[in-house]
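A quick write-up on the structure given underneath.
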Amino acid sequence: MNMSKPTNLETKLQQYASPVDMLRHSTVGGIQFPIKSEYSNWRDEQEAWQHSVILFDQSFHMKDVYVEGPDVKRLISDVAVNSMANFGANKAKQIVACNYDGRVIGDAILFGLSDEKYSVVGRPSVPNWVEFNARTGNYDVKVTVDEWAIYNKGQRLLYRYQIQGPNALELIKSVHEGPFPDIKFFHLGELKIAGHKVRALGHNMSRMGGLELHGPLAEGKAVLDAILAAGPKFGLVQGGSRSYATVSPESGWIPSPMPAIYAGEKMKPYREWLPAEGFEATASLGGSFSSPNIEDYYQTPWDLGYGRHVKFDHDFIGRAALEKIADQPHRRKVWLRWNNDDVLKVYASQLRPGDRYKYMEMPNAYYSLLPFDKVMVNGRMVGLSTYTIYTANVRGWFSLAMVDDNLADGAEVSVVWGEENGGSPRPIVERHVQTEIRATVSDNRLNLP
């Protein structure tokens, strides 16, 4: 293969046999959140979002793209499957973007900062897609990019604190100066903490309410200090990267679907626009599911539990393809509760000579940015498992999965754990043998409160 220095994602792909080959060779592991790994210990931190209150500093690991101008609503409406009919200032929503074939590029949070200024926040897949369309399409908008910390050569624009748990609102009320506003779910309101204006998003995490607070980065320390000073009365715990990596699967959110951008002529201009060392070009693929065809790793909105977001009240990229499959059977998103004895078998193999199974790092065992493991019933593949974790709230191992819709709640399946042929071109993956781990399908968030 030609290993001259690539200039963009498209030229990098040309150096490999296929997109799958490129992603399988990436040396990147799971995402590294740029905060302390633990403030106390990850078990107590996990329990805090269910039983008291936790604060996560989200100021550094997401990309923010600000789009401002008279065409901002038309732009977002063109790239998102969601309806924008009632969206505007002081509102927020989870948006889902697809390619021209109706396969998901990713999801992100959209903030209506004013009627003509929005921000798109999340892992880079959707912010990048929005930025590309804003810069190359016929839109009267201005774009400002605030890169996530791994690529940021300057300083972030905002702080962002996630405060969640049964005591979250009482804690925030205790530090807010003035009457406390009624901030509805996925709406924005304004607070005042430590003398500074703070924008607050009504947000839930793992079924627990709270707020996400943001403001200029220079004011972040004063706001944080005020919250931490009031925190002991409410059982506040700061969360580190180890516990933070487990929030999403417990909440039921798949953080990184496979971005559906690596194939197809219509997506080629985008691949030529994307950098050769960006998120999409360096993302790693892992797990027991193995196909040479990158499109076998793509998902529809229904696979990811986003079918309710698809609204055919507007034209958007991928609409025609989604209309054709809207009434067809789809996979659905579920939790898989892993069998304790089979998990113990994996750990026991680390303590004896001979073959060992793929190590499961606690509390999250996903060792690539894009993990895909086969879900089987009687030797037949019935879905894909992704993002395997342990939490002290569940007191067990589980994963999120996309399975055939005819699998009932409580059905018994097995997850194939470990790489095909017991190895990987990625040096962070040790030699091992595959095994099957029994699991139970759960539609009810693992029976959490």
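The values are calculated or read from the model by the stated rules, or taken from the named source; none is laboratory data. Please read all numbers here as calculations on a predicted model, not as lab measurements. Ideal geometry is used to build each Cβ from the backbone, glycine not excepted, and the neighbour counts take in all protein chains shown. Accessible surface is based on the protein model in full, side chains and every heavy atom, while ligands, DNA and RNA are left aside. Shrake-Rupley method; radii C 1.70, N 1.55, O 1.52, S 1.80 Å.
Considering (1) open to solvent by 30 Å² or more (accessible area, probe 1.4 Å); (2) out of contact with any Leu (no Cβ under 9 Å at 6 or more places or on another chain), say which one residue 307 fails and leave the rest. With (1) open to solvent by 30 Å² or more (accessible area, probe 1.4 Å); (2) out of contact with any Leu (no Cβ under 9 Å at 6 or more places or on another chain) applied to residue 307, the lone miss is (1). Of all the criteria given as (1) modelled with pLDDT of 95 or more; (2) charged (D, E, K, R); (3) not in a helix (DSSP H, G or I), the one not satisfied by residue 341 is (3). Of all residues in the range 14-62, those being open to solvent by less than 40 Å² (accessible area, probe 1.4 Å) and assigned to a loop (DSSP other than H, G, I, E, B) number 14.
On the given criteria, is residue 377 out of contact with any Lys or Arg (no Cβ under 9 Å at 6 or more places or on another chain) and either free of Cβ contacts under 8 Å to residues at least 40 places away in the same chain or closer than 26 Å to residue 33 by Cβ (or both)? Spell out how you get there, then give the answer.
Details: out of contact with any Lys or Arg (no Cβ under 9 Å at 6 or more places or on another chain): yes; either free of Cβ contacts under 8 Å to residues at least 40 places away in the same chain or closer than 26 Å to residue 33 by Cβ (or both): yes.
In short, yes.
Within the range 177-192, can you find the residues that are open to solvent by less than 90 Å² (accessible area, probe 1.4 Å) and in a loop (DSSP other than H, G, I, E, B)? Selection gives 177, 178, 180, 181, 183, 186.
Would it be correct to say that residue 91 is basic (Lys, Arg), closer than 30 Å to residue 240 by Cα and surrounded by fewer than 22 Cβ atoms within 10 Å (Cβ to Cβ)? When the stated conditions are applied, residue 91 passes them. Select from the range 125-174 the residues that are open to solvent by 20 Å² or more (accessible area, probe 1.4 Å) and under 20 Å from residue 236 (Cα atoms) and list them in ascending order. 166, 167, 169, 170, 173, 174, listed by residue number. I'd like to verify a number: residues in the range 227-263 that are farther than 30 Å from residue 317 by Cα and not basic (Lys, Arg), how many? Summing the residues that are farther than 30 Å from residue 317 by Cα and not basic (Lys, Arg) in the range 227-263 gives 20. When 256, 288 are screened for being modelled with pLDDT under 95, hydroxyl-bearing (Ser, Thr, Tyr), in contact with a Phe, Trp or Tyr (Cβ under 9 Å, 6 or more places away or on another chain) and under 30 Å from residue 43 (Cβ atoms), only 256 passes.
Against the conditions (1) within 18 Å of residue 35 (Cα to Cα); (2) open to solvent by less than 10 Å² (accessible area, probe 1.4 Å); (3) within 18 Å of the chain's Cα centre (by Cα); (4) not polar (S, T, N, Q), where does residue 106 fall short? Just the number, please. With respect to (1) within 18 Å of residue 35 (Cα to Cα); (2) open to solvent by less than 10 Å² (accessible area, probe 1.4 Å); (3) within 18 Å of the chain's Cα centre (by Cα); (4) not polar (S, T, N, Q), residue 106 is out only on (1). Only one of the numbered conditions (1) of a type in the set (A, V, I, L, M); (2) in a strand (DSSP E or B); (3) open to solvent by 10 Å² or more (accessible area, probe 1.4 Å) is violated by residue 67, and that is (3). Restricting the range 391-443 to residues that are polar (S, T, N, Q) and open to solvent by less than 70 Å² (accessible area, probe 1.4 Å), the residue that is modelled with the lowest pLDDT is 424.
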